[in-house]
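The values are calculated or read from the model by the stated rules, or taken from the named source; none is laboratory data. These numbers come from a predicted model, not from an experiment. Don't worry about glycine lacking a Cβ; one is built from the backbone with ideal geometry, like all the others, and counts go over all protein chains shown.
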Amino acid sequence: MPEESEILVSQANGITVSACPVLVDHRAPGQFLWGYYLCIENNTDGKIQLLGKDWKITDESGKSYNDCSLGFKGEMPELNPGEYFEFTSETPLDAANAVFYGSCQIRTEGDQKIKEIRIPTFSLSAPGLPKRLTLH
């Protein structure tokens, strides 16, 4: 797990989402492997199920990448009150700087409506390299 000072947190409707990026590898000029950690906590009074995600990365040149899929590496975890789910993944980018943003889809027990829970927006910025990020 990353150091606490690096973690960004967002909260909505009793759900807390913590996120942290990590530069895993700077392979060659212009090739970066980014890792990210997410923790989704159920601080509500009822059970929730994590159904999927809609995450986007926009790099400094304006190129966008999207992961809109069901589950989390094949899992659709159910969380009782007080429980949490941790998720890590990696993504290769051809840019030193990017922004990661999006949401998770959840369903509360007894409610068929799917809710969007935003994840904290965070930057992927390689240390020691200039930041030239502009969102379009």
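Take the residues in the stretch 1-50 that are loosely packed, with under 14 Cβ neighbours inside 10 Å and hydrophobic (A, V, I, L, M, F, W, C), then tell me which one is farthest from Glu86 (Cα to Cα).
Residue satisfying both the conditions and the ranking: Ala28.
In the stretch 22-29, is there at least one residue being out of contact with any Phe, Trp or Tyr (no Cβ under 7 Å at 6 or more places or on another chain), in contact (Cβ under 8 Å) with a residue 24 or more places away in the chain and not in a strand (DSSP E or B)?
So far as the stretch 22-29 goes, no, none of its residues is out of contact with any Phe, Trp or Tyr (no Cβ under 7 Å at 6 or more places or on another chain), in contact (Cβ under 8 Å) with a residue 24 or more places away in the chain and not in a strand (DSSP E or B).
Here is a list: Glu6, Glu41. Which entry is touching a Phe, Trp or Tyr at 6+ places or on another chain (Cβ under 6 Å), over 13 Å from Glu90 (Cα atoms) and of a type outside the set (A, V, I, L, M, F, W, C)?
Result of the check over Glu6, Glu41: Glu41.
Tell me yes or no: at least one residue of the stretch 1-9 is among the small types (Gly, Ala, Ser) and either at pLDDT 95 or above or assigned to a strand (DSSP E or B) (or both).
no
I'd like the full set of residues that are in a loop (DSSP other than H, G, I, E, B) and under 16 Å from the mean Cα position of the chain (by Cα), limited to the stretch 94-123.
Listed by number, the residues that qualify are Ile119, Pro120, Thr121.
Any idea how many residues of the stretch 60-93 are charged (D, E, K, R) and part of a loop (DSSP other than H, G, I, E, B)?
Summing the residues that are charged (D, E, K, R) and part of a loop (DSSP other than H, G, I, E, B) in the stretch 60-93 gives 4.
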